[in-house]
Amino acid sequence: MSIQSACYENPVIRPILTYPEPGLKEVASEVPEIDGALVRTIDDMVETMYAAPGVGLAAPQIGLSQRVIVLDVDHENKGKHLLKIVNPVLAEHEGEILWEEGCLSVRDYVAEVRRAARVLVRGYTPDQKEIAIEGTDLLAVALQHEIDHLDGKLFIDRISRLKRDLYRRRLKKLERDGREPTTGSLL
């Protein structure tokens, strides 16, 4: 049976972990083997990302400590430019860009984050093909953002301590007032 035929018809929308969930701060493990179970998980991740809605999702965001990310930065053509990457590695980066980021795991907050303007990411597809993806602008930002999740980092770890502390206080106030923060957007 091929990996592709191990896919199933009905992906599941998984719950997305939110800050300050401790699992979001753990470094994800490299995937030793791409099997049918992993392919099903990746399909679930795609379904979850689109349902959220978001531009990207990393396995740790759904509670799995595996180096897997999915991205789709083209909202106009959903699925046409979908990326599913196993064991992604940031191989090259250059330049600098400031981009306003949000996150499905960081509720009710966006901030400008400094990132590389161009990146080259290497990894594997779910059908075990080695790939290299060059990205600029939103794709470069999204690739770096999702790989950060695999390394136990959130975009709020890349902003000033003052802004991060203000965000934490706002979250605590919302919880104290019994109000649920909204889910972050974008990445």
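The values are calculated or read from the model by the stated rules, or taken from the named source; none is laboratory data. Here the structure is a predicted model, which means the values were calculated and not measured. Glycine gets a Cβ as well: all are built from the backbone with ideal geometry, and neighbour counts include every protein chain shown.
Among the residues of segment 91-142, those identified as hydroxyl-bearing (Ser, Thr, Tyr) and at pLDDT 95 or above are 105, 124, 125, 136.
For the subset of segment 44-56 comprising residues that are among the aliphatic types (A, V, I, L, M) and over 15 Å from residue 138 (Cβ atoms), which member is surrounded by the most Cβ atoms within 10 Å (Cβ to Cβ)? If you could, list the steps in order and put the result at the bottom.
Taking segment 44-56 first, the residues among the aliphatic types (A, V, I, L, M) are 45-46, 49, 51-52, 55.
With the extra rule that they be over 15 Å from residue 138 (Cβ atoms), the set shrinks to 45-46, 51-52.
Values: 45: 25, 46: 19, 51: 12, 52: 18.
Of everything passing the filter in segment 44-56, 45 is surrounded by the most Cβ atoms within 10 Å (Cβ to Cβ).
The single condition among (1) in contact with a Gly (Cβ under 7 Å, 6 or more places away or on another chain); (2) at pLDDT 95 or above that residue 40 does not satisfy is (1).
Applying a threshold of 9 Å to beta carbon distances and a minimum spacing of six or more residues, or different chains, the list of pairs starting in segment 98-127 at a residue that is within 13 Å of residue 144 (Cα to Cα) and ending at one that is polar (S, T, N, Q) and assigned to a strand (DSSP E or B) reads 117/136; 118/136; 119/136; 122/87.
Selection over segment 38-74 of residues that are among the polar types (S, T, N, Q) and under 12 Å from residue 126 (Cβ atoms) gives a count of 1. Contact map, segment 46-57: residues that are without any contact (Cβ under 8 Å) to a residue 40 or more places away in the chain paired with residues that are surrounded by fewer than 24 Cβ atoms within 10 Å (Cβ to Cβ) and part of a helix (DSSP H, G or I), Cβ distance under 8 Å, separation 6+ or inter-chain. Pairs shown: 48/62. Of all residues in segment 75-95 being charged (D, E, K, R) and either outside any loop (DSSP other than H, G, I, E, B) or touching a Lys or Arg at 6+ places or on another chain (Cβ under 6 Å) (or both), which is surrounded by the most Cβ atoms within 10 Å (Cβ to Cβ)? Looking at the filtered set, the residue picked out is 84. How many residues does segment 118-146 hold that are part of a strand (DSSP E or B) and farther than 22 Å from residue 105 by Cβ? The total comes to 10.
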